[in-house]
Amino acid sequence: MTATLFEGIGLLYTGDPAREEIEDAALVAQDGRVVWTGPAGQAPDADERVDVGGRAVIPGFVDSHAHLIFAGDRTAEFAARMSGEPYTAGGIRTTVAATRAAGDAELATHAGALVAEMLAQGTTTVEIKSGYGLTVEDERRSLEIATGLTDETTFLGAHVVPAGVSADDYVRTVTGEMLRACAPYAKWVDVFCERGAFDGDQTREILAAGIKAGLRARVHAGQLGPGPGVQIACELDAASADHCTHLTDADVAALAGSGTVATLLPGAEFSTRSPYPDARRLIDAGATVAIATDCNPGSSFTSSMPFCVALAVREMRMTPLEAIRAATYGGARALRRDDVGVLRPGSRADLVVLDAPSYVHLAYRPGVPLVSRVWRDGKRVL
């Protein structure tokens, strides 16, 4: 029942729309939860004190889109793209072969190292997808490994159609025995609705089967070109439509008029030299926007939410406030969570101390390791 007072906060970004910023602030945490925030002069007594020395404090980042269960390396593919070859998503099958060949311990160790990288950069909540197994057993074990790292696990058996299998046969597998094997280890179901992957009818069928099995929906949509993914996501009340690089006016209107979050993944555009999503268009229309890393070995091998925040400000026309909001509160909305991504009474005491007076420095000083201390559930982890 020990209460800890965090004092000396130069700027507290709470993530709470009711009161996003408090200058000269303090925060009290107890039993892993925030119990009070406000001006330092009004802070209640506490058992322990932590003085952050005038630094900024923000909620832990919420990375709502990551592919961490994999083996192998795709450096050659990246080098080829940097030499002018276009990104087509075909390299996913290269990772599938390496992942199938890897043992559980290797996959768990590698994914755990990536989660540790994320934590060192302020990410306290991360979603992890399957999708590099594409057999019943490899998808199942991928998700079982992921459950040891996060509560936010996503069944992405519908990543691409594996070689040597017809699309119709594979969809039947995904909606049948694969779903039955994976559902006990998953919270979400996802589909890569894109040319070269799964079309609109297949996406609806797979998502509907997942929802019937008790999973909630999210969709890869509009990465390589316009398509039906966003409309399907909104139609099925998916928590998020992810990528959203290529959107029609109807897509933007659907996102703005629904509870589906537009999750933008600027690391993918950076790594593939593709056009960035137009975040300004979405925000001005009233859509809820999140930022995530899309950490994966092919199209976005970054674990850094601060890097993605800087990209969002520089390349996607977001203000620093909009970017930090998208990386915390927006990510929580994309996971249908109200206990993370914010620092308000009742929320988890997941907080990050920046070695800077303001979150603006995340974009102002890109590439500089500004995360100095991290607490998760009220316990210091960095």
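The values are calculated or read from the model by the stated rules, or taken from the named source; none is laboratory data. Bear in mind the structure is a predicted one, so any value in this text is a computation, not a measurement. Backbone-built Cβ (ideal geometry, glycine too); neighbour counts: all protein chains shown. What goes into the accessible areas is simple: the full protein's heavy atoms, side chains included, and nothing from ligands, DNA or RNA. Shrake-Rupley method; radii C 1.70, N 1.55, O 1.52, S 1.80 Å.
Things to note:
- Qualifying residue in the stretch 249-256 (condition: charged (D, E, K, R), out of contact with any Ser or Thr (no Cβ under 7 Å at 6 or more places or on another chain), open to solvent by less than 20 Å² (accessible area, probe 1.4 Å) and farther than 26 Å from Pro59 by Cβ): yes
- All conditions in (1) touching a helix residue (DSSP H, G or I) at 6+ places or on another chain (Cβ under 8 Å); (2) among the charged types (D, E, K, R); (3) open to solvent by 30 Å² or more (accessible area, probe 1.4 Å) hold for Asp294, with the sole exception of (3).
- In the stretch 216-245, the residues that are farther than 16 Å from Ala197 by Cα and open to solvent by 10 Å² or more (accessible area, probe 1.4 Å): Arg216, Gln231, Cys234, Glu235, Leu236, Asp237, Thr245
- Scope the stretch 142-171; condition open to solvent by 10 Å² or more (accessible area, probe 1.4 Å), part of a helix (DSSP H, G or I) and without any contact (Cβ under 8 Å) to a residue 40 or more places away in the chain; matching residues: Thr147, Ala167, Asp168, Asp169
- Counted residues, the stretch 188-207 - those being of a type outside the set (Val, Ile, Thr) and crowded, with 20+ Cβ neighbours inside 10 Å: 9
- Given (1) modelled with pLDDT of 95 or more; (2) open to solvent by 50 Å² or more (accessible area, probe 1.4 Å); (3) charged (D, E, K, R), index of the condition Arg93 fails: (1)
- Of all residues in the stretch 172-185 being open to solvent by 20 Å² or more (accessible area, probe 1.4 Å) and in contact (Cβ under 8 Å) with a residue 40 or more places away in the chain, the one that is nearest to Ala208 (Cα to Cα): Glu177
- Taking the criterion of being in contact with a helix residue (DSSP H, G or I) (Cβ under 7 Å, 6 or more places away or on another chain), open to solvent by 10 Å² or more (accessible area, probe 1.4 Å) and not in a helix (DSSP H, G or I), the only residue of the stretch 96-124 that qualifies is Gln121.
- Just so you know, in the stretch 58-90 the residues that are among the β-branched types (Val, Ile, Thr) and not in a strand (DSSP E or B) include one that is surrounded by the fewest Cβ atoms within 10 Å (Cβ to Cβ), and it is Thr75.
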